[in-house]
1. Sort 87, 69 so the one with the fewest other Cβ atoms within 10 Å of its own Cβ comes first.
2. Would you mind checking the tilt of helix 170-181 against the longest principal axis of the Cα atoms of the chain, expressed as 0 to 90 degrees and rounded to 10?
3. Give the angle, between 0 and 90 degrees and rounded to the nearest 10, that separates the Cα long axis of helix 87-99 from the longest principal axis of the Cα atoms of the chain.
4. In a Gaussian network model over the chain where Cα atoms closer than 10 Å are linked, find which of 111, 164, 36 has the largest mean-square fluctuation.
5. Quick one: 47, 37, 80, fewest Cβ neighbours within 10 Å first, how do they rank?
6. Order by neighbour count: 99, 17, fewest other Cβ atoms within 10 Å first, most last.
7. Roughly speaking, what is the stretch gain from residue 93 to residue 13, that is 0.36 nm per residue apart minus the C-alpha to C-alpha distance, in nm to one decimal?
8. Just from its helices, what would the mean residue ellipticity at 222 nm be for the chain, if runs of 4 or more DSSP H residues each count -39500 (n - 2.57) and the sum is divided by every residue, rounded to the nearest 500 deg cm²/dmol?
């Protein structure tokens, strides 16, 4: 199974500078994305669960060019928090960059502490209901996407799934479970 320990450089983003933080999420410095992942430094990320408001959530298939879990199914949107950027700002930016959806107001659903499964990220999990017709994924970031029900996801998705169609990154599964634990905000809005 692929993991964050199997880091392979990605020249497009390796030199991107990101905040390095401590266990209390206080910034202690800056480092390149490459160094953060290679050295297992604590840093910040957002995960966003996008829903259609009618009971389904969006999964993205990670680009085959990604350095961790290439070609695996993942949370709707995820990304690092840039220097000087708030978690909520990063969530809005990542929704626009990865899925082409603008004008969103994601709501904070959970805060997860760093763990190996997340690549040592402090993860803020957001949720947002959107119109599925507005989704236009960036092909550099996302190879595919699909809408699934929570029931279908929980019954089939796993990092160990025998079918690649249900192989979900461990970090995504952790964030989706945290979102479900707080009542799945945004899942049903109508």
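1. Details: 87 19, 69 22.
By the 10 Å Cβ count, ascending, the order reads 87, 69.
2. That helix lies at roughly 50 degrees to the long axis.
3. Relative to the chain, helix 87-99 is tipped by roughly 70 degrees.
4. Largest GNM mean-square fluctuation: 164.
5. Values: 47 29, 37 23, 80 19.
Least crowded to most crowded, the residues run 80, 37, 47.
6. Values: 99 24, 17 14.
Arranged by neighbour count, lowest to highest, 99, 17 become 17, 99.
7. Details: separation 80, 0.36 × 80 = 28.80 nm, distance 1.61 nm.
This chain segment gains 27.2 nm when fully extended.
8. Numbers: 4 runs with 39 residues, N = 190.
Calculated from helices alone, the mean residue ellipticity at 222 nm is -6000 deg cm²/dmol.
Where a number appears in this text, it was derived from the coordinates with a stated rule and is not lab data. This one's a predicted model, so the numbers in the text were calculated from it and none came from an experiment. FYI the Cβ positions are ideal-geometry reconstructions off the backbone, even for glycines, and counts take in every protein chain you see.
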